[in-house]
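This report refers to the structure that appears directly beneath it.
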Amino acid sequence: MLAATAATLVAASTPAAAHRTRDDVSVTYLPVGLLVASRSIGEPSFTSFGLELSVVHHRRDWPFALGGVVQAEAIALDRGGVRLALAGELSWLFVGVELGLALVPQTRADEAHAVAMHAAPFLSLALLGVAFRFDAPVAGLGRGGLPDIAASLVLTIKYPLRIQGRFEHVFGGTI
């Protein structure tokens, strides 16, 4: 028994027995920041401002990163409008897509608040991101018709807060 314990201790102390920790093979981070969106398709056109919070998990042995995103954005403030979105996120290097749902506020007197499908292909490089976002209403909330499908150009500036892992082990020291 003593010999087995000694053999285990010797084996554990050799470099060949060293193993990677979770911090060495993956990183989870929380990019938090500001967004500005310019609605270019759909009436009326407007510019909105808001916050975006993501959580992203990236493994060294997988080329993709998975995560989720929450957006809160001031739209049509004269009607008390706030756009909220919750989506999943898949990215590869600096290219990705968000898919989820959004609560879209009433922007015209003849339409209702709506639940919309949210889709946004994006490019993200360091702290800056740009997305082309589509909101396709699927259900009205209240009186009035459904809003038009909306397309917006979205710019973000986000700072990644590390939750778990080390960026240099996953990204090769590039972040």
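The values are calculated or read from the model by the stated rules, or taken from the named source; none is laboratory data. Remember, predicted model here, so these are calculated numbers, not experimental data. Ideal geometry is used to build each Cβ from the backbone, glycine not excepted, and the neighbour counts take in all protein chains shown.
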Residues of region 53-73 satisfying the condition of being more than 12 Å from the chain's Cα centre (by Cα) and either free of Cβ contacts under 8 Å to residues at least 12 places away in the same chain or within 17 Å of I157 (Cβ to Cβ) (or both): W62, A72, E73
Is region 2-19 home to any residue that is modelled with pLDDT of 80 or more, surrounded by 11 or more Cβ atoms within 10 Å (Cβ to Cβ) and hydroxyl-bearing (S, T, Y)? no
